[in-house]
Amino acid sequence: MAVEEYWAPTALPAALEHLSAGEVTILAGGTDLMPQSHAGRVTLKRGLLNLRRVPELHGIERDGAVVRVGALCTIGELMVDPLVRAHFGLLAEACDHFASDQLRNAATVGGNVCNASPAGDTLPPLLVLDAEAELASKPNGSVETRRVPLAEFFVGPGRTVRAPGELLTALWLPVPPAGFVGRFFKFGTRPALDIAAIAIAIGGVRAGRTLTAARVAYGAVAPVPMRARATERALEGTPLDAAAIARIAGVARDEVRPIDDVRASAWYRRELVFNMTKRMLDDVAQA
Amino acid sequence: MSLKREISFVLNGVRTRATVPVEMSALAMLREVVGLTGTKYACGEGECGACTVIVDGKSVCSCLMFAVDCEDRELTTIEGLVRDPLGEKLEQAFVECGAVQCGFCTPGMIVQAKNWLEAHPHASRAEIERGIEGNLCRCTGYVKIVDAIAAVAGREP
């Protein structure tokens, strides 16, 4: 179908009205949409909705114990933002590993979330940081919003719980408590412009040689970026000596569900998950 | 028949109007509608940086940008660096260091280097390598390219 209408609204209610009309393709940074539509992997729908000029979708602001990150923030903006660097270091680190300067200047965090690639670079850190997705719609003439924990947001490769009439407007990130430590690791064949073979994010509050409120998330090892609940249970409150670390990494190796593809075999991904989880926990224990 | 839009933007300091199909990339608009062919088309998917332009002060791959999204924005292409002091220094340094082989990546390299050096004026060689990580040179002449950018950053080659 050819594009019949193009909109670049300058306020959220107008954007939501266009969206509720149905058969709309959402344009944010365009870094995935453009190559996918040119290659025929995505067909542009009847309406093309450019979100760039919607002010409600921009900005990173603290609201008490929570930080609101507008969905249209670019990866480059996140990477250098003082609030992000101060409280969400592992997210800034993931942004630093994201593609290249040119891509970081265009790609948006909302796009990374909504495209729901199992290998999306920002997704394991956002899961570990207990991010919530803010979804807005305008079903009956007024704007309605709901929040969904990111851990419940992804339902399959490229699929999320976002309804067609809903827009991801922001991510809400609770400011971690004092003593929080976070780590991020991405494995690819080269540092720049690479899609992760695996990615790992680990976070928790350190007390001596243990982590509490432990969070572990993996990318590119399952149909969705996943919270590793069994690994988290094994990690929670456990003194991190060498034997415990090896046992926890073993739980992680059994918990992930990788596939064979061009970037790595399932076997290799499991080995990476085991070895790198071990190395990251060693690092946390010695921090 | 695809939907077209007339847009207005500032291109290399000059207010410019163009009528573009809404699916068109900014790169295709520059080359085929406006007629500025210094910005190169190579991979078409953001992997190579040959199409790098500066939009509102940030370098982006023009092949990934929708032309309609240029509305009311400021674009700088390699042609716009002719009278730019930093652009001139980079051009001269690329010549002096022999940083041009086939030349196809050169416009993207220079536009990216200009934008990177504005943000990191005293970039080290390692920082320069990070800055151009999104630009591929198929002749693999990276050492001389980094030499040239480093010379402008005040670093010994």
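The values are calculated or read from the model by the stated rules, or taken from the named source; none is laboratory data. None of these values were measured; they are calculated from a predicted model. Here the Cβ positions follow ideal geometry from the backbone for every residue, glycine too, while neighbour counts run over all protein chains shown.
Take the residues in the stretch B:134-143 that are buried (at least 18 other Cβ atoms within 10 Å of the Cβ) and either of a type outside the set (A, V, I, L, M, F, W, C) or assigned to a helix (DSSP H, G or I) (or both), then tell me which one is nearest to the other protein chains (Cβ to nearest Cβ).
The qualifying residue nearest to the other protein chains (Cβ to nearest Cβ) is B:G134.
So how many residues does the stretch B:104-133 have that are in contact (Cβ under 8 Å) with a residue 60 or more places away in the chain, away from chain A (no Cβ under 12 Å) and part of a loop (DSSP other than H, G, I, E, B)?
Here the count works out to 2.
Which one of B:C61, B:C43, B:C105, B:C48 is within 17 Å of A:D32 (Cα to Cα), crowded, with 20+ Cβ neighbours inside 10 Å and out of contact with any strand residue (DSSP E or B) (no Cβ under 8 Å at 6 or more places or on another chain)?
B:C48
Which one of A:R227, A:R206, A:R190 is of a type outside the set (D, E) and in contact with a helix residue (DSSP H, G or I) (Cβ under 6 Å, 6 or more places away or on another chain)?
Step by step, each of A:R227, A:R206, A:R190 is checked, and only A:R227 is of a type outside the set (D, E) and in contact with a helix residue (DSSP H, G or I) (Cβ under 6 Å, 6 or more places away or on another chain).
Check every one of the helices (runs of 4 or more DSSP H) wholly within the stretch A:35-100 and list those with 1 or more residues that are more than 12 Å from chain B (Cβ to nearest Cβ) and in contact (Cβ under 8 Å) with a residue 60 or more places away in the chain.
Per the criteria, A:82-87, A:89-96.
Would you mind stating whether A:T189 is modelled with pLDDT under 95, among the β-branched types (V, I, T) and surrounded by fewer than 18 Cβ atoms within 10 Å (Cβ to Cβ)?
yes
Looking only at residues that are modelled with pLDDT of 95 or more and over 24 Å from B:V22 (Cβ atoms) in the stretch B:60-83, which one is farthest from the other protein chains (Cβ to nearest Cβ)?
If we take residues in the stretch B:60-83 being modelled with pLDDT of 95 or more and over 24 Å from B:V22 (Cβ atoms), then B:E79 is farthest from the other protein chains (Cβ to nearest Cβ).
Any chance the stretch A:174-181 includes a residue that's surrounded by 19 or more Cβ atoms within 10 Å (Cβ to Cβ), over 29 Å from A:N50 (Cα atoms) and within 12 Å of the chain's Cα centre (by Cα)?
no
Identify all residues within the stretch A:1-17 that are within 14 Å of chain B (Cβ to nearest Cβ), outside any loop (DSSP other than H, G, I, E, B) and not aromatic (F, W, Y); write none if there are none.
A:E5
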